[in-house]
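Structure record follows, encoded as structure tokens.
Each reported figure results from applying straightforward, stated rules to the coordinates on display, with no laboratory input. Just so it is clear, the structure is predicted and the values come from calculations on it, not from any experiment. All Cβ positions, glycine included, derive from the backbone under ideal geometry; neighbour counts span all protein chains shown.
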């Protein structure tokens, strides 16, 4: 799923470009209008489950952007991330189970700072496909997603 696009640039530059691209993608596939480019989709220092956002160190920065697609009923499988992940819901409805931290439902047009060390599983609970722009803000040599036995 992550082989779609790999770019080595500053995290801020790519994140800004990716979110502006998400505005255009969202406008084509989502009925409601996305915020103007001056209004942030997301501004936070913590993840959806309250973890502080901490950037990996010790290697050159590497940002990976990918579109994750799930058919109705399909799941991501339980996993964690070793780095911050910004998600933008392009299309559909995704219910994410964070175990003891509860469940959250995300819909087209919403942005989120995904959990990092808390195991979670996403499931397409809508009637159509889910497409998520995922921006992994990491470092060279790090794997953005780690499967977890559950």
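Roughly what would the spin-label model give for residue 69 and residue 148, points 7 Å off Cα along C-beta, in nm?
In this crude spin-label approximation the distance works out to 2.8 nm.
From the alpha carbon gyration tensor of segment 32-145, can you work out the equivalent ellipsoid semi-axes (sqrt of 5 times each eigenvalue) and give them in Å, largest to smallest?
Each semi-axis is the square root of five times an eigenvalue, giving 22, 17, 14 Å.
Report the gain in length on full extension from residue 105 to residue 54: 0.36 nm times residue separation, minus Cα-Cα distance, nm rounded to one decimal.
Working: separation 51, 0.36 × 51 = 18.36 nm, distance 2.43 nm.
Separation in residues times 0.36 nm, less the Cα-Cα distance, equals 15.9 nm.
Calculate the all-directions average of the projected area of segment 45-93's alpha-carbon convex hull, and give it in nm².
The directionally averaged projection comes out at 4.7 nm².
Kirkwood hydrodynamic radius of segment 67-134 from all distinct Cα pairs, in Å?
Mean inverse Cα-Cα distance, inverted, gives 11.7 Å.
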